[in-house]
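Here the structure comes first, spelled out in C-alpha cells, and everything after it is commentary.
None of the figures in this text is laboratory data; all of them are computed from the coordinates on show. Bear in mind the structure is a predicted one, so any value in this text is a computation, not a measurement. Here Cβ is always computed from backbone atoms with ideal geometry, including for glycine, and neighbour counts include all displayed protein chains.
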Amino acid sequence: MLITLKLYASLAQYLPTGAKRNQTELDIAEGTSLQDLITTHHIPEQSAHLVLINGVYVAPDKRASARLNQGDIVVMFPPVAGG
C-alpha cells in the first residue's frame, strides 16, 4: 500500500534517495505501524519530536499501535529551539 512520508529540517536526511521537496511515496506492507516506519528508516526516536498522521498528532507512546493505511500522509519534525 502507498503512503506519503514527509520529513522536515534535519530529518530530511533520512528520506530515501530520489525524494523530492522533503517527501516521498513509499510502498509499505499492510499492518505497518508508525514505529515500524521510524525504525525502518533509521530515524532517531528522540529526533522524531512532532509526528502527524493525516494532520493528527501521534504521541510517542502511541506510535507502536498506530497502524498506517493506504493513502496516509506521515509528517515528522525534529525538536525546534529558538526564542
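Quick one: work out the % antiparallel among DSSP beta bridges in the chain, nearest 5. Please list the in-between numbers first.
Working: 13 of 17 bridges.
Antiparallel bridges make up about 75 percent of those DSSP assigns within the chain.
Using DSSP to call loops (not H, G, I, E or B), can you name the GluC sites (Glu not before Pro) in region 17-49 whose Cβ has at most 12 other Cβ atoms within 10 angstrom?
Glu30, Glu45
Assign unit charges at the C-beta atoms only (+1 for Lys and Arg, -1 for Asp and Glu), then state the dipole size of region 2-77 relative to its Cα centre in Debye, rounded to the nearest 20.
Result for region 2-77 is approximately 220 debye, rounded to the nearest 20.
Work the Kirkwood hydrodynamic radius out for region 2-77: mean of 1/r over every pair of different alpha-carbon atoms, inverted, in Å.
About 12.2 Å, per the Kirkwood formula over Cα pairs.
Count neighbours as other Cβ atoms within 10 Å of each site's Cβ, and list the trypsin sites (Lys or Arg not before Pro) in region 9-83 that are DSSP loop with at most 14 such neighbours.
Qualifying residues, ordered by number: Arg21.
Where Lys and Arg each count +1 and Asp and Glu each count -1, what net charge lies around Ile53 among other residues with Cβ under 14 Å from its Cβ? Present the calculation step by step, with values, prior to reporting the outcome.
Values: positive: Lys6, Lys62, Arg63, Arg67; negative: Asp36, Asp72.
Neighbour charge sum, excluding Ile53 itself: +2.
Report the label-to-label distance for Gln46 and Met1 in nanometres (one decimal), using points 7 Å from each Cα along the Cα→Cβ vector.
The modelled label-to-label distance comes out at 3.3 nm.
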